1. Mind telling me which of the residues ALA213, ALA133, ALA197 ends up being over 15 Å from the mean Cα position of the chain (by Cα), within 16 Å of the ligand (Cβ to nearest atom) and assigned to a loop (DSSP other than H, G, I, E, B)?
2. Based on what the data block shows, is ALA265 assigned to a helix (DSSP H, G or I) and either touching a helix residue (DSSP H, G or I) at 6+ places or on another chain (Cβ under 6 Å) or open to solvent by less than 10 Å² (accessible area, probe 1.4 Å) (or both)?
3. If you scan the range 112-131, which residues turn out to be crowded, with 16+ Cβ neighbours inside 10 Å and within 30 Å of ASP62 (Cβ to Cβ)?
4. Kindly evaluate THR368 against the criterion of being free of Cβ contacts under 8 Å to residues at least 24 places away in the same chain, within 24 Å of the chain's Cα centre (by Cα) and open to solvent by 20 Å² or more (accessible area, probe 1.4 Å).
5. Which residue out of HIS172, HIS202 is within 16 Å of the ligand (Cβ to nearest atom) and either modelled with pLDDT of 95 or more or more than 12 Å from the chain's Cα centre (by Cα) (or both)?
6. Restricting attention to the range 209-227, and to residues there that are touching a helix residue (DSSP H, G or I) at 6+ places or on another chain (Cβ under 9 Å) and over 27 Å from LYS147 (Cβ atoms), which single residue is surrounded by the most Cβ atoms within 10 Å (Cβ to Cβ)?
7. I need the full set of residues from the range 388-426 which are under 27 Å from the mean Cα position of the chain (by Cα) and part of a loop (DSSP other than H, G, I, E, B), in order please.
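The values are calculated or read from the model by the stated rules, or taken from the named source; none is laboratory data. Given the structure is predicted, the values throughout are model-derived calculations rather than measurements. Every residue, glycine as well, gets a Cβ built from its backbone with ideal geometry; the counts of neighbours run over all protein chains shown. Only protein heavy atoms, including side chains, enter the accessible area calculation; ligands, DNA and RNA are left aside. Shrake-Rupley method; radii C 1.70, N 1.55, O 1.52, S 1.80 Å.
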Amino acid sequence: MTQQIGTRCVQAGYRPQNGEPRQIPIYQSTTFRYDASESLGDLFDLNASGYFYSRLANPTNDLVAAKIAALEGGSAAMLTSSGQAAIFYAVFNLANAGDHVVVSSAIYGGAFNLFNTTMRKMGVDFTFVPVDATEEELRAAVKPNTKAFYGETVSNPSTAVLDLELWAKVAHETGVPLVIDNTFPTPINCRPFEWGADIVVHSTSKYMDGHAAAIGGAIVDSGKFDWLAHKEKFPGLTTPDESYHGIVYAEKFGQGGAFIFKCTAQLMRDLGAIPSPQNSFLLNLGLESLHLRMKRHSENGQKIAEYLAANDKVSWVDYCGLKGDKYYPLAQKYLPNGSCGVVSFGVKGGREAAQKFMGNLNLISIVTHVADARSCVLHPASTTHRQLSDAELEAAGVRPDMIRFSVGIEDSDDLIADLEQAFAKI
Ligand SMILES: *Cc1c(COP(=O)(O)O)cnc(C)c1O
């Protein structure tokens, strides 16, 4: 019997042998020793598996990646030093200069900048479509050079829910994979592979780590996309790699291994966004309680969203778990056990009232982060988006009065009491 998800959180990825440490070892070493040059040569040729230099791969990282692969139900996974690096690697492993990607516009601001500024400079083209685009609108965005579709299961910060089955359908009829950022729900609340996604990326800096301790990212392959059936679209996976003596990744490592192997062998080798094994150890500590924390984050998020929706000092609330929210029906379908702990809302009185309200909070602190154990708030209009005018903010979907509230795992009564006293002062 396949293990339940909570058991996988605690135990997957590492099984110590007789007399070995119960906790995963931290292989704090840049390099690895071999008896003979020939055996090292085989590793360089990808003819044998093993470690030689921690810029490409490290055993501690791989134990934690194996756990994340088990949680998502994937065939292979790798860790990166940040969520941004995971997104860049996953997309660039598919789309190079001259290629094109269809992207949901309801995505994390950092991912938007990566695509719209930096990757455009590298010659990759992007078409941004509404997260609730119809089948026809998605099809209309496709170009002959389209190599992937990309979106977030639950968007940061508006908690818009992507129609995974619809996006997977159009991606697959185009002959390309669907790449999904599953940071907010985590595999506890949604496993995108079960709905047709092909590649999943994570910012592990958020709920997976869960304690605001270590920046990190992960890429997981479902193993379900048939690269060889779309040979002409993905030459990087289906034709010889001259930098590895003519290896064809899809043939040598199969459908389940090709994507991650190529990503490690080329992008990690050349760009080196590898996490330190110490950070991977911390990430694994977070993963051990992910199933317990996500349950609490989701319950607290729901309670706070309901409290805010009933408060007459609040002008609007975005939370996909609220009945009446635009994304409630999709949330019921894809996230029946809860979504996440991030709730966005507006305070009556606009920008000034929002800032004043936040200054009144005690337990809930102001930080540039979401998705850790401690509750926190951010006012995007005066921080992450402060260079924009009110008109530009509206266009970017960030209202001037918007407060992004990341609900932690404290007792919800205490959080509501803190909100109450802060509202009473405005
Ligand atoms: C934070 C975040 C990222 C970026 O991750 P970093 O670890 O900060 O690089 C990507 N996607 C989503 C949804 C995020 O919330």
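1. It is ALA213.
2. Numbers: assigned to a helix (DSSP H, G or I): yes; either touching a helix residue (DSSP H, G or I) at 6+ places or on another chain (Cβ under 6 Å) or open to solvent by less than 10 Å² (accessible area, probe 1.4 Å) (or both): yes.
The answer is yes for ALA265.
3. LEU114, PHE115, MET119, VAL124 - these are the residues of the range 112-131 that are crowded, with 16+ Cβ neighbours inside 10 Å and within 30 Å of ASP62 (Cβ to Cβ).
4. Values: free of Cβ contacts under 8 Å to residues at least 24 places away in the same chain: yes; within 24 Å of the chain's Cα centre (by Cα): yes; open to solvent by 20 Å² or more (accessible area, probe 1.4 Å): yes.
Considered against the rule, which asks whether it is free of Cβ contacts under 8 Å to residues at least 24 places away in the same chain, within 24 Å of the chain's Cα centre (by Cα) and open to solvent by 20 Å² or more (accessible area, probe 1.4 Å), THR368 comes out as yes.
5. Details: HIS172 fails: within 16 Å of the ligand (Cβ to nearest atom).
One residue alone meets the criteria, HIS202.
6. GLY210
7. LEU388, ALA396, GLY397, VAL398, ARG399, PRO400, ASP401, VAL407, GLY408, ILE409, GLU410, ASP411
Conditions (1) surrounded by fewer than 15 Cβ atoms within 10 Å (Cβ to Cβ); (2) small (Gly, Ala, Ser); (3) touching a residue at least 60 places away in the same chain (Cβ under 8 Å); (4) within 23 Å of ARG296 (Cα to Cα), marked per residue:
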{"position": "CYS320", "(1), (2), (3), (4)": "no, no, yes, yes"}
{"position": "LYS323", "(1), (2), (3), (4)": "yes, no, no, yes"}
{"position": "TYR327", "(1), (2), (3), (4)": "no, no, yes, yes"}
{"position": "GLN332", "(1), (2), (3), (4)": "yes, no, no, yes"}
{"position": "ILE364", "(1), (2), (3), (4)": "no, no, no, yes"}
{"position": "VAL377", "(1), (2), (3), (4)": "no, no, no, yes"}
{"position": "GLU394", "(1), (2), (3), (4)": "yes, no, no, no"}
{"position": "ASP413", "(1), (2), (3), (4)": "yes, no, no, yes"}
